[in-house]
Amino acid sequence: MGAHPLSNHNNDAPAPLLLGLQPSALIDHVAPVDGTWLDQIPGERGGSIPVAIEDLENILKKVKTHILLSPDDPSPIKTMAGGSVANTIRGLSTGFGISSGIIGAYGDDEQGQLFVNNMSLNGVNISRLRKKKGHTAQCVCLVDELGNRTMRPCLSNAVKVQAEELKIEDFKGSKWLVMRYAKLNLEVIQAAIHLAKQEGLLVSLDLASFEMVRNFKLPLLKLLESGTIDLCFANEDEATELLRGEQNSDPAAAVEFLAKYCQWAVVTLGANGCIAKHGKEIVRVPAIGEAKAIDATGAGDLFASGFLYGVIKGLSLEECCKVGACSGGAVIRSLGGEVTLENRQWMNKQMQIKGLPTSDISK
């Protein structure tokens with residue numbers, strides 16, 4: 001299973017090409033539910049609102065009576081390692097053969113062990129994960145008939161890696177640092193960027209959620225203006241929120257805005273594909289695959305996997321977007337933020353049809 005998480009770095013192991021910072025390990029409980037029931041749980045439908053552990057357990061109990069059973073599925077609630085960054089780096093490792101590692105902390109509970117097992121089975125280097133006493137973060141992902149998800153994360157008492165625990169050795173020899181914006185994690189994000197930049201890494205930031213952008217816009221703008229973010233991913237809602245109040249807040253305007261600060265700026269548009277800008281070049285690429293998503297969970301995360309793979313391989317901007325579209329299109333074909341073997345084969349086939357270089361792993 002690789003180095004024990006508590007041991008020092010294995011000095012003879014090469015550093016992963018790409019590192020994901022996810023301060024808290026996270027377990028997702030993904031369930032297909034009857035959409036009308038969603039209106040009875042507190043908070044906006046479709047959003048992501050933190051809840052207490054009691055609420056999370058309560059939702060999980062009630063889910064059982066509102067679940068949409070598919071005849072061929074013996075266990076409707078899927079439990080897996082989750083979190084945006086974990087989804088992205090797992091996708092890079094399993095789908096594209098890019099050596100990836102994760103920086104974060106997990107609790108000394110069943111969920112923590114599950115997270116570690118899932119990551120290492122998928123080839124992610126876990127030597128930078130710290131084990132701590134306490135709870136591992138959890139999230140309930142409720143997916144309605146249309147494939148839209150409503151998330152209720154429980155992070156309040158979860159263990160996480162702190163800014164002062166990061167070391168320059170964590171970043172030595174790597175080329176990319178992948179992160180997700182979060183106000184709670186701002187200190188650790190800033191510390192990671194500081195160390196990563198000393199080691200010459202490129203930094204990718206995902207804008208996380210429209211609520212996060214809406215509620216913590218100023219620190220986000222400061223982060224972008226600092227010039228330390230090389231690649232920024234936003235979805236349509238986050239992009240609109242970022243430019244709320246401006247005369248023009250459409251996705252194209254958001255791409256232009258982000259490109260002022262970042263070498264690569266990408267706004268994903270769900271079923272409408274994406275818009276991206278790099279240098280002077282702007283491209284629009286349609287989505288790939290059937291229009292009907294079984295579950296949109298992880299679509300943006302896996303789009304990022306494909307796009308980053310393209311950047312690492314030196315593909316053109318349009319090709320980066322196309323690989324992202326294939327990868328994002330693959331994950332929405334089943335429940336949860338992990339691409340199944342069958343959907344990985346589908347993705348490789350789509351990439352071959354489009355003349356894109358697939359990775360050498362044909363697992």
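Could you tell me whether K183 is of a type in the set (K, R), at pLDDT below 95 and within 25 Å of G46 (Cβ to Cβ)? First the steps, then the outcome.
Values: of a type in the set (K, R): yes; at pLDDT below 95: yes; within 25 Å of G46 (Cβ to Cβ): yes.
When the stated conditions are applied, K183 passes them.
Every residue in segment 35-69 that is acidic (D, E) and modelled with pLDDT under 90, please.
Within segment 35-69, the subset acidic (D, E) is 39, 44, 54-55, 57.
If the condition is that a residue be acidic (D, E) and modelled with pLDDT under 90, then D39, E44 are the ones that fit.
Going by the structure shown, is D34 more than 23 Å from the chain's Cα centre (by Cα) and closer than 28 Å to E187 by Cβ?
On the way: more than 23 Å from the chain's Cα centre (by Cα): yes; closer than 28 Å to E187 by Cβ: no.
Considered against the rule, which asks whether it is more than 23 Å from the chain's Cα centre (by Cα) and closer than 28 Å to E187 by Cβ, D34 comes out as no.
With L184, L146, L195 as the choices, which residue is surrounded by fewer than 22 Cβ atoms within 10 Å (Cβ to Cβ) and in a loop (DSSP other than H, G, I, E, B)?
Details: L184 fails: in a loop (DSSP other than H, G, I, E, B); L195 fails: in a loop (DSSP other than H, G, I, E, B).
Matching residue, one of L184, L146, L195: L146.
Residue by residue through segment 79-97, note down the ones that are under 10 Å from G20 (Cα atoms) and either in contact with a Lys or Arg (Cβ under 8 Å, 6 or more places away or on another chain) or surrounded by fewer than 24 Cβ atoms within 10 Å (Cβ to Cβ) (or both).
S84, V85
Among the listed residues V140, V85, which satisfies the condition of being assigned to a strand (DSSP E or B) and in contact (Cβ under 8 Å) with a residue 12 or more places away in the chain?
Working: V85 fails: assigned to a strand (DSSP E or B).
After applying the criteria, what remains is V140.
Find the residue count for segment 255-289, including only residues that are in contact with a helix residue (DSSP H, G or I) (Cβ under 8 Å, 6 or more places away or on another chain) and of a type in the set (D, E).
1
Checking L92 against (1) farther than 24 Å from G300 by Cα; (2) in contact with a strand residue (DSSP E or B) (Cβ under 7 Å, 6 or more places away or on another chain), which single condition isn't satisfied?
In the conditions (1) farther than 24 Å from G300 by Cα; (2) in contact with a strand residue (DSSP E or B) (Cβ under 7 Å, 6 or more places away or on another chain), L92 misses (1) alone.
Within segment 110-135, track down each residue that is in a helix (DSSP H, G or I), among the small types (G, A, S) and under 15 Å from L155 (Cα atoms).
G112
Kindly check whether there is at least one residue in segment 101-109 that is part of a strand (DSSP E or B) and modelled with pLDDT under 95. Walk me through it before giving the result.
Narrowing segment 101-109 to residues part of a strand (DSSP E or B): 101-107.
Within this subset, residues satisfying the condition of being modelled with pLDDT under 95 are none.
Taking every residue of segment 101-109 in turn, none turns out to be part of a strand (DSSP E or B) and modelled with pLDDT under 95.
Out of curiosity, is A163 out of contact with any helix residue (DSSP H, G or I) (no Cβ under 6 Å at 6 or more places or on another chain), of a type in the set (A, V, I, L, M) and either in contact (Cβ under 8 Å) with a residue 24 or more places away in the chain or surrounded by fewer than 22 Cβ atoms within 10 Å (Cβ to Cβ) (or both)? I'd like the intermediate steps shown before the answer.
Values: out of contact with any helix residue (DSSP H, G or I) (no Cβ under 6 Å at 6 or more places or on another chain): no; of a type in the set (A, V, I, L, M): yes; either in contact (Cβ under 8 Å) with a residue 24 or more places away in the chain or surrounded by fewer than 22 Cβ atoms within 10 Å (Cβ to Cβ) (or both): yes.
So A163 does not fit the description; no.
Give segment 98-110 a look and list any residue that's surrounded by fewer than 20 Cβ atoms within 10 Å (Cβ to Cβ) and more than 17 Å from the chain's Cα centre (by Cα), or say none.
Filtering segment 98-110 down to residues surrounded by fewer than 20 Cβ atoms within 10 Å (Cβ to Cβ) leaves 99, 108-110.
Residues satisfying the conditions are D108, D109, E110.
Can you pull out the residues in segment 243-281 that are in a loop (DSSP other than H, G, I, E, B), buried (at least 17 other Cβ atoms within 10 Å of the Cβ) and either touching a Pro at 6+ places or on another chain (Cβ under 8 Å) or of a type in the set (D, E) (or both)? Break it down into steps so the answer makes sense when it comes.
Filtering segment 243-281 for residues in a loop (DSSP other than H, G, I, E, B) gives 243-250, 260-263, 269, 273, 279-280.
Pick out the ones that are also buried (at least 17 other Cβ atoms within 10 Å of the Cβ) and you get 243, 261-262, 273.
Across segment 243-281, the qualifying residue is only G273.
Which one of the conditions (1) touching a strand residue (DSSP E or B) at 6+ places or on another chain (Cβ under 9 Å); (2) farther than 30 Å from G227 by Cα does A304 fail to meet, given that it meets all the rest?
(2)
Would you point out the residue of segment 163-181, among those that are among the charged types (D, E, K, R) and in a helix (DSSP H, G or I), that is nearest to I229 (Cα to Cα)? So that I can check it myself, show each step before the final result.
Filtering segment 163-181 down to residues among the charged types (D, E, K, R) leaves 164-165, 167, 169-170, 172, 175, 180.
With in a helix (DSSP H, G or I) added as a condition, the list becomes 164-165, 169-170.
Numbers: E164: 21, E165: 22, E169: 21, D170: 19 Å.
Among them, the one singled out is D170.
Answer yes if at least one residue in segment 116-134 is surrounded by fewer than 21 Cβ atoms within 10 Å (Cβ to Cβ), free of Cβ contacts under 8 Å to residues at least 60 places away in the same chain, farther than 26 Å from S99 by Cα and over 18 Å from the mean Cα position of the chain (by Cα), and no otherwise.
The answer is yes, given that some residue of segment 116-134 is surrounded by fewer than 21 Cβ atoms within 10 Å (Cβ to Cβ), free of Cβ contacts under 8 Å to residues at least 60 places away in the same chain, farther than 26 Å from S99 by Cα and over 18 Å from the mean Cα position of the chain (by Cα).
Looking only at segment 287-346, which residues are of a type in the set (K, R) and part of a helix (DSSP H, G or I)?
Of everything in segment 287-346, those that are of a type in the set (K, R) and part of a helix (DSSP H, G or I) turn out to be K322, R344.
Here are T240, T228: which of them is touching a Pro at 6+ places or on another chain (Cβ under 8 Å) and either surrounded by fewer than 23 Cβ atoms within 10 Å (Cβ to Cβ) or not in a strand (DSSP E or B) (or both)?
On the way: T228 fails: touching a Pro at 6+ places or on another chain (Cβ under 8 Å).
Going through T240, T228 in turn, just one is touching a Pro at 6+ places or on another chain (Cβ under 8 Å) and either surrounded by fewer than 23 Cβ atoms within 10 Å (Cβ to Cβ) or not in a strand (DSSP E or B) (or both): T240.
Looking only at segment 203-225, which residues are buried (at least 19 other Cβ atoms within 10 Å of the Cβ), of a type outside the set (F, W, Y) and touching a residue at least 60 places away in the same chain (Cβ under 8 Å)?
Within segment 203-225, the first condition is being buried (at least 19 other Cβ atoms within 10 Å of the Cβ), and the residues that meet it are 203-210, 212-213, 220, 223-224.
With of a type outside the set (F, W, Y) added as a condition, the list becomes 203-209, 212-213, 220, 223-224.
Residues satisfying the conditions are S204, D206, A208, S209.
Between a first residue in segment 40-67 that is under 23 Å from E238 (Cβ atoms) and a second residue that is assigned to a helix (DSSP H, G or I) and among the aliphatic types (A, V, I, L, M), which pairs have beta carbons less than 6 Å apart while being 6 or more apart in sequence or on different chains?
That search, which allows pairs on different chains as well, returns R45/L38.
The values are calculated or read from the model by the stated rules, or taken from the named source; none is laboratory data. Here the structure is a predicted model, which means the values were calculated and not measured. Positions of Cβ are backbone-derived with ideal geometry, glycine not excepted, and every protein chain shown enters the neighbour counts.
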